[in-house]
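Trainee: What follows is a structure written as structure tokens; I'll ask about it next.
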Amino acid sequence: MPNTCGRDLYNGSVMSASPQTSDDLYLPDLKSLSALAVSTPAADPATAEKILQDANGGPLMHDEAAALLKGLLDHEHSAAVSVAVCAASRDVRVRLFGNNVVAMAPIELSNACVSDCVFCGWRLSNRAMKRLRLPAELAMLQVEYLIDLGIHYIEFVSGDDVSVVRELIPRLVRETRALFEKRGVEGKISFCTLALTEAQYADLRSAGADNMIVWQEAYDPDVYRRHVVGGPKAFGIDDDWRVDKQGNGWRFRIGSQERAMRAGIEPGLGSMLGLNPDIVTEFLATVDHARYLSQTYGATAEHPMLIGMPIWNHITTRETDLRPRRAPNLEKLFPALAGLYLLSLPSEGTWVFPNCRVPMKTQIEATRVAGAFSSTEVKLGPGGYLPSILRNMQERGEDVKPLMERIRGLVKENGLEMGELAAVLDEREQFVHHYHGHDRYLKEMQKAGLHIIEGVRIPTQGGA
Ligand code: SF4
């Protein structure tokens, strides 16, 4: 299949992008991808330069991406290969997106998840996690807060709290859409939930949602099943929101983006870097999946596909943290990995998404190298922005008592003072991450030569 840069991706060692399942949804050819991951030699710096020169900004073929990734993971060559990958990706980034970045922020609605993922603080079996479900009006207060900051890409997050996804999110999507209209804002609304059926995606699309985010965690089914051990995420659901006890949650999840795209929703996908020790196969599977989706359903500047880069962070309840001591630390390689995603999927319709799971400096460098989309101001617990809202109210001389009382009631902690509120809400976060305010991101991104646009569209670049 020729592409705009003249490379024939489906010759040679690039996998077939045809669906391989009876339900006509994509599944990666993991056997071939993993054989390729094993047989491809790691690129040394000279080979890396040659691969990047030959690609000339066009999409890397799977064997080329595998060679570069193995070069990045090779102790001896890592630094030099990283420099070459980042430089090549930076050129592509500037050609496609200039220095523009779309900022997003999540609004966590509930941490009462009914699935069980060993890496997550919100897992059902984590008895140390204090649970909280946010009422609609407090969620909308936070939507207003983010819009006022200039963040117009709003993501609703609920874990696998099924009633929140079924009842609260459609309402919030409708109310946010109305608020955008009232404010004259061209915004986008995303939701990060359990994998849904096509009919459920269609309902959310009708309510006004634009995007869904479902991280696959692992394309390898054994790795997935070892880390996702219970709940809807392990089995999948049906149109009536019932868990399919005989279902295959891994396969149901891989099909989620395709079902969403059929319903008119933009997809977000990604695997957790390092969860599967076979990093190369996971990377290739992610790229293969993204390539299939964009070629089958389209990914454009107006309706882009997000490529996320989750990593396994510690959780806030340290006594129940199951992160292995020897979990691979991919922070150093994070910008180059972002670059490799963009070089594999170079298009205005592919927005690589570095996030605040890594320190701000690393997040910004990955954004400079490859990311058209990035998170700012992120709080990962339900009600996380409420302390800032209270501070703003106080500065304006408004009465904060009713809201304070409301929050005290929610967290069931009487006598909580304003200064203690943020800590109590942050304890309920999904995992430990790096928080900085949006204004700090604006400054730091600017220092890095980047521009956070107030909106959700990246203007087309002259040379793209
Ligand atoms: S990763 Fe998602 S589904 Fe899994 S336990 Fe956490 S919130 Fe629930």
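The values are calculated or read from the model by the stated rules, or taken from the named source; none is laboratory data. Predicted, not measured: the structure shown is a model, and the values here were computed from it. Because the Cβ atoms are built from the backbone with ideal geometry, glycine has one as well, and the counts that use them run over all protein chains shown.
Trainee: Does the range 375-386 contain at least one residue that is modelled with pLDDT of 90 or more and either more than 29 Å from the chain's Cα centre (by Cα) or over 23 Å from Phe156 (Cα atoms) (or both)?
Mentor: Checked the range 375-386: no residue is modelled with pLDDT of 90 or more and either more than 29 Å from the chain's Cα centre (by Cα) or over 23 Å from Phe156 (Cα atoms) (or both).
Trainee: Could you figure out which of (1) away from the ligand (no atom under 16 Å from the Cβ); (2) within 28 Å of Glu302 (Cβ to Cβ) isn't true of Phe156?
Mentor: Of everything listed in (1) away from the ligand (no atom under 16 Å from the Cβ); (2) within 28 Å of Glu302 (Cβ to Cβ), Phe156 misses just condition (1).
Trainee: Further, regarding this structure: For the range 98-125, enumerate the residues that are hydrophobic (A, V, I, L, M, F, W, C) and either near the ligand (Cβ under 9 Å from one of its atoms) or touching a Gly at 6+ places or on another chain (Cβ under 6 Å) (or both).
Mentor: Within the range 98-125, Cys113, Val114, Cys117, Val118, Phe119, Cys120, Trp122, Leu124 qualify.
Trainee: Of the numbered conditions (1) in a helix (DSSP H, G or I); (2) under 18 Å from the mean Cα position of the chain (by Cα); (3) of a type outside the set (A, V, I, L, M, F, W, C); (4) over 23 Å from Leu68 (Cβ atoms), Gly268 satisfies every one except a single condition; which is it?
Mentor: (1)
Trainee: A follow-up question, please. Please state which one of Leu293, Leu306, Leu337 is under 15 Å from the mean Cα position of the chain (by Cα), in a helix (DSSP H, G or I) and under 27 Å from Gly255 (Cβ atoms).
Mentor: Leu337
Trainee: Conditions: (1) more than 24 Å from Asp244 (Cβ to Cβ); (2) within 16 Å of the ligand (Cβ to nearest atom); (3) acidic (Asp, Glu). Glu181 meets all but one. Number of the miss?
Mentor: So the condition that Glu181 fails would be (2).
Trainee: Using the structure shown, decide if Val102 is crowded, with 19+ Cβ neighbours inside 10 Å, under 30 Å from Asn56 (Cβ atoms), in contact with a strand residue (DSSP E or B) (Cβ under 6 Å, 6 or more places away or on another chain) and of a type outside the set (S, T, N, Q).
Mentor: Spelling it out, Val102 is indeed crowded, with 19+ Cβ neighbours inside 10 Å, under 30 Å from Asn56 (Cβ atoms), in contact with a strand residue (DSSP E or B) (Cβ under 6 Å, 6 or more places away or on another chain) and of a type outside the set (S, T, N, Q).
Trainee: Taking the criterion of being crowded, with 22+ Cβ neighbours inside 10 Å, farther than 26 Å from Ile51 by Cα and either polar (S, T, N, Q) or at pLDDT 95 or above (or both), would at least one residue in the range 335-356 satisfy it?
Mentor: Within the range 335-356, one or more residues are crowded, with 22+ Cβ neighbours inside 10 Å, farther than 26 Å from Ile51 by Cα and either polar (S, T, N, Q) or at pLDDT 95 or above (or both).
Trainee: Suppose we keep only residues that are of a type in the set (A, V, I, L, M, F, W, C) and in contact with a Lys or Arg (Cβ under 9 Å, 6 or more places away or on another chain) within the range 115-127. Which one would you say is surrounded by the most Cβ atoms within 10 Å (Cβ to Cβ)?
Mentor: Trp122
Trainee: Can you tell me which condition Ser163 does not meet? The list is (1) within 22 Å of the chain's Cα centre (by Cα); (2) surrounded by fewer than 16 Cβ atoms within 10 Å (Cβ to Cβ); (3) within 15 Å of the ligand (Cβ to nearest atom), and all the others hold.
Mentor: With respect to (1) within 22 Å of the chain's Cα centre (by Cα); (2) surrounded by fewer than 16 Cβ atoms within 10 Å (Cβ to Cβ); (3) within 15 Å of the ligand (Cβ to nearest atom), Ser163 is out only on (1).
Trainee: So, restricting to helices (runs of 4 or more DSSP H) that lie completely within the range 202-264, which ones have at least 1 residues that are under 18 Å from Val162 (Cα atoms)?
Mentor: Result: 232-235, 249-254, 256-262.
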